[in-house]
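Taken together, the values in this text are just the output of simple stated rules run on the coordinates, not laboratory data. Quick caveat, the model's predicted, so the values are computed rather than measured. Cβ: placed from backbone, ideal geometry, glycine included. Neighbour counts: every protein chain shown.
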Amino acid sequence: MKRILVTGGAGFLGSHLCERLLGLRHEVMCLDNFFTGTKENLLPLRKNPYFEVIRHDVTLPVHLETDQIYNLACPASPVHYQRDPVETIKTCVHGSINMLGLARRTKARILQTSTSEVYGDPEVHPQTEEYWGNVNPMGIRSCYDEGKRCAESLFYSYHREYATDIRVARLFNTYGPRMHPNDGRVVSNFIVQALRAEDITIYGEGQQTRSFCYVDDLIGGLIAFMEQEQTTGPINLGNPTETTMLQLAETVIRLTGSSSKLVFQPLPMDDPKQRCPDVSKAVALLGWEPRVSLDDGLKETIAYFRQRLG
Ligand code: NAD
Ligand code: UDP
């Protein structure tokens, strides 16, 4: 049994990760400031005596004893990370420094959940780990993109300077139950709109692409990556099946049987035109690959939102 710290553990991915780690019989400490995370996400876990919740902001130092750290704390939806961009940068940078300091002191292995956003609006397709990216350092997404890029730099600097035991995973768009109805990301927006028979808001012409990974697949990849000894990364984790936002909207309408209409709204600044991971490194090194199809994952997610929205 390991004692594992999950920062951002009350969020969408964090709560699933805590649950999976508890299922593997580890002791789990969830550290969160509840900026976008909720206590409801943790309800299924609270009876487990090996589960603890710590209300804390990662931008402030913390002293804990831990064997492993998964650093997830950071709002992930553009709507939320752009709400307080300075705080987003502090969370990425100061948060990483604090968690790396903790890892250094306790000799814990630490995994950073980086993002496909480090590739920006990519000129290489699909994106491989070797690609350095195309990020606008001044744009509205830069608080997140550059914050996450700086975090990667901090992880590799701690590794070189102090031999800190790091793992850097670049996560691509992931969806599933426990996304917040007001999260603002596309999958939850479309499902909530479809279930409420509201207009489905497509930004731009809907021809931009993303590749959506179901949460259970992603969590399996994260843990496999943390546990392997061959590489610090960076490693792409995501589902390589690419879809346009128009196709996603049509699929959500079909699976919900909704009467919603599509409406087109302006495309936000610097919205990446295409995104698809090359996951060959993860497949080769982790023996991992995503298994859940978009239809099956959306069905699970729709069932969750149906229940949640009543
Ligand atoms: P989320 O917004 O649901 O969860 C983030 C969690 O971090 C929340 O519980 C929030 O309250 C917490 N948090 C934010 N700032 C904090 C701070 N300063 N101190 C402590 N806690 C703080 O988002 P998510 O989708 O679960 O994403 C988790 C991580 O994975 C993020 O780091 C995100 O950048 C990364 N990621 C996610 C995706 C995805 O598609 N879900 C893709 C790429 C990267
Ligand atoms: N998007 C959309 N309608 C919405 C929300 C998002 O068309 O209601 C688009 C958005 O412009 C982007 C894609 O869906 O092209 C994915 O957006 P999301 O915010 O989920 O994540 P991103 O990958 O952009 O960080």
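Per-structure values
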quantity: Identity of the residue in segment 61-101, among the small types (Gly, Ala, Ser) and not in a loop (DSSP other than H, G, I, E, B), that ends up surrounded by the most Cβ atoms within 10 Å (Cβ to Cβ); calculated: Ser96
quantity: Condition met for Gln307 (within 24 Å of Gln207 (Cβ to Cβ) and among the polar types (S, T, N, Q)); calculated: no
quantity: Test: residue in segment 198-208 that is touching a residue at least 24 places away in the same chain (Cβ under 8 Å), surrounded by fewer than 16 Cβ atoms within 10 Å (Cβ to Cβ) and under 19 Å from Val118 (Cβ atoms); calculated: no
quantity: Some residue of segment 257-271 being within 16 Å of the chain's Cα centre (by Cα) and either free of Cβ contacts under 8 Å to residues at least 12 places away in the same chain or surrounded by 18 or more Cβ atoms within 10 Å (Cβ to Cβ) (or both); calculated: no
quantity: Members of segment 276-310 found to be within 16 Å of ligand 1 (Cβ to nearest atom) and either part of a helix (DSSP H, G or I) or among the β-branched types (Val, Ile, Thr) (or both), listed by number; calculated: Val279, Ala282, Val292, Leu294, Gly297, Leu298, Glu300, Thr301, Tyr304, Phe305, Arg308
